[in-house]
Every structure is written in structure tokens, then in C-alpha cells.
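Report on the structure given below.
The values are calculated or read from the model by the stated rules, or taken from the named source; none is laboratory data. Source: prediction; values computed, not measured. Positions of Cβ are backbone-derived with ideal geometry, glycine not excepted, and every protein chain shown enters the neighbour counts.
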Amino acid sequence: MGYLPLSTKHGVAGNRDFLIIGGGLAGACLALEFRRRGKSVWLIDLPGEHSASRVAAGLYNPVTGKLAGLTWKAAAIFPFLEQFYAVAEQTLEQKFLFPLPIYRPFRTNQEFDSWNSRRSEPSISPFVQNAFSSATYPEDVKDDLGGLLLKYGGYVDTRALLNGVSDWLSLDGSFLAMDFNPSRLSIGGHGVQYEGRSASTAIFCQGIGALENPWTSWLPLRPLKGQVLKIDTRLSDERIYNRGVFLVRDKKDGFWKVGATHEHHAQPGVTVEGREELEGKLRTLLQRPFETREQSWGIRPTVPDRRPLVGVHPENSRVWILNGLGTKGVSLAPWMASHLVDHLLTGTVLPEDVNISRFYSLYFKSQKTV
Ligand SMILES: Cc1cc2nc3c(=O)[nH]c(=O)nc-3n(C[C@H](O)[C@H](O)[C@H](O)COP(=O)(O)OP(=O)(O)OC[C@H]3O[C@@H](n4cnc5c(N)ncnc54)[C@H](O)[C@@H]3O)c2cc1C
């Protein structure tokens, strides 16, 4: 799985195999995967303070939602993501992957009964470390009814990962810290050109920024604002806690991240309501006192059918898209990047449920109204 040495790969200055626009989780994982497969890239990114990938707590959690269901394709995606980020850590010579068990206190006795009876099912058992019927970490959290301890969870320090990728690509000039302007992209029979740099193909990974780009503004992306807190508290950091909110300790500063809100049609910025919502949920989970230290926000790129958006532009085979990672960029980005790279390099078929072809009718409708 070795990566090519940076200094020898690129013969012609100004020319790379792929031009990636957007260096959040989608674009960064794509760049890592192309390089792992021996391909060269340009990566254009101008991250804002509120870029989703940088605000994200970085959690990956195989069991989510009020009903505590296994997430989509968990059996394939979760082992894969840990392997992907572990290889990326070696490549970038940085630590950003932190596998940790996730503890989910039960709300009702029925939840224990349900998990206890299902834990031997082949689809579930790999993810369950234990199901407790009585309080197990009562000094830290309110878990009178016991709780579920999950495997294959953890978090990625997304800022460390993204900075690592941009620094690594900067070594040979492949990272371009600039604001991408779609009107300066030219596309011809031989490839794409942007400000003197050329490549065979452009791949847009702009998150919610896709709505500002005429090549991708037809995508059914729904902005979903999220707010997170950083709090100071004292509890065991041997696990992540999750019920209503998640609580994960940032190893760098020792504070705990708490999140996240889910706000449709929301104004930019942090709000008192956001903080109160998170603190309220935290009080129902946490046994210990806490003090809020920081509050931040970002916008997730979600899709109505809750599946990523991957594939080729309806009318231009040199323009590709990786987007729609919604609330789960950390777990979905490696998996989707790997599928897209496989498809582009070897022609394997893209899974139908993520292929943007399912929304082509929106594109053609948008063209009629132009
Ligand atoms: C509060 C919050 C908490 C979250 N917590 C988690 C979590 O714990 N776990 C999880 O899996 N997911 C979490 N998410 C969701 C996760 O952040 C997203 O799924 C993921 O970051 C989407 O990645 P992306 O690369 O598609 O988009 P983005 O992160 O938005 O990245 C797009 C990049 O493209 C750049 N860009 C766009 N347009 C241009 C342009 N014209 N020129 C140059 N650069 C451009 C942007 O600046 C940005 O850097 C959270 C999101 C929020 C908001």
C-alpha cells in the first residue's frame, strides 16, 4: 500500500492526472486515494472557519439515531475506514485516528431487552462489545438502566488530517490555496485547464459550496446547520458517550466536544438556542458539572434520500462529483473516495444508490429554465 515518492512522480510542471476542487473530507480522502493508486492530483481548497469538515467532531459511530439502528452498509464501511485512516496516518506521518468504544446509556428497559436479544445476530454482533442491564459508569453518566458498549467507533481529528493532506501535497506544489472560480475553468477534448494547470478530469468536492457553482448547483443538496460546544468537565476518556448528544474528548486540549444540533433553514452563526439545546441534552446524560468554553458552527451537505452523490456530470464526461456526505463525512468519505477512484481507474460500476444519475432529471429540468 506504499505511496509514490513525491519528488519523482510529476514530470511536467503544470500537469497532473486529476484536478480536485474542495479539500474537505471528500476531497482530501480522494487525493489520498488517487496518490495511493499512483495518480497525481491538484487539490484546490480555501477552507473557511466554518467548513463542515473542520467544525465536525470527527465521530464515527456504527449505531445512530433515536432508534439505535446500524447505519447504512456499516459492516463494510467501518472496518474499511479504520484501515484507510491508518494508512493515511503513515503516509502523512501524523496521528489523527482514535478508535474508542462508544457507550450509549439505555433510555428504557426495552432497549436493553432488544439489544440483548439481537446481539448474537451476525449483522449486529461484530459491533457490540457489551450490553449492560444496570448502571456501569454511574460516576460519569446517568445510566441507571445500563447501556450499550459499541465497537468500531472512534473519532478522527479532522483538522489534523486536512492540514496534513494540504501540507503533504504542498511539498511538490500540488496543493493550491485559492478561491476556485468556475468561470476560469476551461474544458476541452484533451482535458481541463485552470489558471495554467491542466488535468484529464475535474472532480468537484465542494460540500455545500457546490450550490454556488453552475456545474453542480442543480444537485439536491440541503444545507443542514450544526453547532457544537467545547466543554470543560472531568470524566473517563476511555470511551465516547452518546445519548441525545455525543461527548468526545479532544486529546489536544483536553476539552470535550459536545454536539450536534440539526438546523434546517437556519441563519449562519452560533446561537443561544443552539447552546441551550446542547447543554439541556448534556444535563440529561452527564453526571458531572461542566462549563462551556467554546461554540462553533458549520453547514453539512445533506441529500433528501440520505445517500452520497457520486458520479459524472450528465453532459460532460470530464466533470465528476463527490458530495452529499451529510452528517457522516468521516465514515463515508474513505469508502466513497475509494469507489470513485476504482471506477475512474478500472471501470468498476458505481453503486446505484449513490450514483448521481438518480438525479439527472433535476439537471435537465434546470437547463430548461435557464
Ligand atoms: C457541527 C457539525 C458536526 C459534525 N460532526 C460530524 C461527526 O462527528 N462525524 C461525521 O462523520 N460528520 C460530522 N459532520 C458532517 C461532516 O462535517 C460532513 O459530512 C463533511 O465534512 C462533508 O465534507 P465535504 O468535504 O463534502 O464538505 P466540506 O467539509 O464543506 O468541504 C468542502 C471544502 O471545499 C472548499 N470549497 C468550497 N468551494 C470552494 C471554492 N470556490 N474555492 C476553494 N475552496 C472551496 C470549502 O472551503 C471546504 O474546505 C458534522 C458537521 C457539522 C456542521
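Quick notes on this structure:
- Some residue of the range 173-183 being hydrophobic (A, V, I, L, M, F, W, C), farther than 18 Å from residue 41 by Cβ and either loosely packed, with under 15 Cβ neighbours inside 10 Å or at pLDDT 95 or above (or both): no
- Close pairs (7 angstrom Cβ cut-off, 6 or more residues apart or separate chains): on the phi > 0 side of the Ramachandran plot in the range 237-253, among the polar types (S, T, N, Q) anywhere: 244/284
- Checked against (1) surrounded by 14 or more Cβ atoms within 10 Å (Cβ to Cβ); (2) over 20 Å from residue 76 (Cβ atoms); (3) away from the ligand (no atom under 16 Å from the Cβ), residue 361 passes all but condition (1).
- Within the range 69-84, the only residue that satisfies the criterion of being under 21 Å from residue 163 (Cβ atoms) and within 12 Å of the ligand (Cβ to nearest atom) is 81.
- Conditions (1) basic (Lys, Arg); (2) over 16 Å from the mean Cα position of the chain (by Cα); (3) within 11 Å of the ligand (Cβ to nearest atom): number failed by residue 252: (3)
- Every listed requirement among (1) in contact with a strand residue (DSSP E or B) (Cβ under 9 Å, 6 or more places away or on another chain); (2) among the basic types (Lys, Arg); (3) more than 15 Å from the ligand (Cβ to nearest atom) is met by residue 283 save one, (1).
- The criterion of at least 1 residues that are over 28 Å from residue 32 (Cα atoms) and at pLDDT below 95 is met by the following strands (runs of 3 or more DSSP E) wholly inside the range 112-170: 128-132, 147-150.
- Among residues that are surrounded by fewer than 18 Cβ atoms within 10 Å (Cβ to Cβ), assigned to a loop (DSSP other than H, G, I, E, B) and either under 28 Å from the mean Cα position of the chain (by Cα) or assigned by TED's automatic domain parsing to the domain that holds residue 246 (or both), residue 86 is not included.
- Residue, surrounded by the fewest Cβ atoms within 10 Å (Cβ to Cβ), within the range 287-339, restricted to residues that are β-branched (Val, Ile, Thr), under 18 Å from residue 159 (Cα atoms) and in contact with a helix residue (DSSP H, G or I) (Cβ under 9 Å, 6 or more places away or on another chain): 299
- The listed residues are 226, 196, 189, 207, and the only one of them that is buried (at least 21 other Cβ atoms within 10 Å of the Cβ) and out of contact with any Ser or Thr (no Cβ under 6 Å at 6 or more places or on another chain) turns out to be 207.
- Residues in the range 48-68 that are within 15 Å of the chain's Cα centre (by Cα) and either in a helix (DSSP H, G or I) or within 9 Å of the ligand (Cβ to nearest atom) (or both): 50, 51, 52, 53, 54, 55, 56, 57, 58, 59, 60, 61.
- Considered as a group, the residues in the range 11-29 that are touching a strand residue (DSSP E or B) at 6+ places or on another chain (Cβ under 8 Å) and in a helix (DSSP H, G or I) include one that is nearest to the ligand (Cβ to nearest atom), and that residue is 26.
- None of 32, 97, 92, 43 is modelled with pLDDT of 95 or more, in contact with a helix residue (DSSP H, G or I) (Cβ under 6 Å, 6 or more places away or on another chain) and more than 14 Å from the ligand (Cβ to nearest atom) except 92.
- For the residues 280, 259, 274, the requirement of being at pLDDT below 95, out of contact with any His (no Cβ under 8 Å at 6 or more places or on another chain) and under 28 Å from residue 142 (Cβ atoms) singles out 259.
- A single entry from 121, 89, 139, 111 fulfils the requirement of being free of Cβ contacts under 8 Å to residues at least 40 places away in the same chain and within 26 Å of residue 237 (Cβ to Cβ): 89.
- Residue within the range 303-319 that is among the aliphatic types (A, V, I, L, M), within 16 Å of the ligand (Cβ to nearest atom) and farther than 23 Å from residue 264 by Cβ present: yes
- The set of residues in the range 346-357 that are assigned to a helix (DSSP H, G or I) and touching a residue at least 24 places away in the same chain (Cβ under 8 Å) comprises 356, 357.
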